[in-house]
1. Taking every pair of Cα atoms in the range 1-116, average 1/r, invert it to obtain the Kirkwood radius, and report Rg/Rh to two decimals.
2. Testing the spin-label approximation: label points 7 Å from Cα along Cα→Cβ at residue 86 and residue 73. State their distance in nm.
3. Based on the Cβ-Cβ distance from residue 18 to residue 147, what FRET efficiency comes out when R0 is 30 Å, to the nearest 0.05?
4. 7 Å from Cα along Cα→Cβ at both residue 51 and residue 140: what's the point-to-point distance in nm?
5. Counting heavy atoms of the protein chains only and a 1.4 Å probe, report the per residue accessible area for the chain as a whole number of Å².
6. Roughly speaking, to the nearest percent, how much of the chain's 1.4 Å accessible area is carbon and sulfur?
7. Which part of the range 13-42 falls in the paramagnetic zone of residue 156, meaning amide N under 17 Å from the point 7 Å along Cα-to-beta-carbon?
8. Could you work out the local net charge near residue 58, counting Lys and Arg as +1, Asp and Glu as -1, over the other residues with Cβ closer than 11 Å to its Cβ?
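The values are calculated or read from the model by the stated rules, or taken from the named source; none is laboratory data. A quick note: this is a predicted structure, and the numbers were derived from the prediction, not measured. Note: ideal-geometry Cβ built from the backbone for every residue, glycine included; neighbour counts use all protein chains shown. With ligands, DNA and RNA removed, areas are computed over all heavy atoms of the protein, side chains included. Shrake-Rupley method; radii C 1.70, N 1.55, O 1.52, S 1.80 Å.
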Amino acid sequence: MHGASDSHPDIHWPSGFSPGHAHSFCQARVVVNAPPATVFALLTDVARWPQWVPGVTGARPGTLDGSFLVRFHGHEFEVFLGQRVAPHRLGWSGVGAGVQLYQAWLLTEVEGGTQVVTENVVRGSAARTIDARSPLWARRPHALWLAQLRRLSENAPG
């Protein structure tokens, strides 16, 4: 089981959202046989998320620059871009469904492609409940997301 001590040292956490402040913390990683730019392009094409991100049924630009709205498992989240360093680093915070979250992405070029690390910190009563009842369920969406990201990245034209 991953814990706060498993956080990747190169992930940049905003104040109040480190794994040590989390009610739920997840980490997932995979090596993708594609360059970081291909992976980054898929992650930043939010309008296409409903086509491939498990649990996302809607996504559209928000009212503020750098924000977007995402419908995830029937709940609407307002998401704000916190960090974007193309093509290696992404981070966004979200609010909705009784939780606050921050999700960080680190894309590192390695032999054979890109190592993708994603970590997610969630705070709120829903996060406490899910983590207490089924910590494996909290990690499952990340594993599915990475499997899809890997499949699309490795089959992308170019």
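1. 0.95
2. Rounded to a tenth, the inter-label distance reads 3.2 nm.
3. 0.65
4. It is 2.7 nm.
5. That works out to 52 Å² for each residue.
6. Ligands and nucleic acids excluded, carbon and sulfur reach 53 percent.
7. 30-42
8. Working: positive: 60, 71; negative: 76.
Local net charge: +1.
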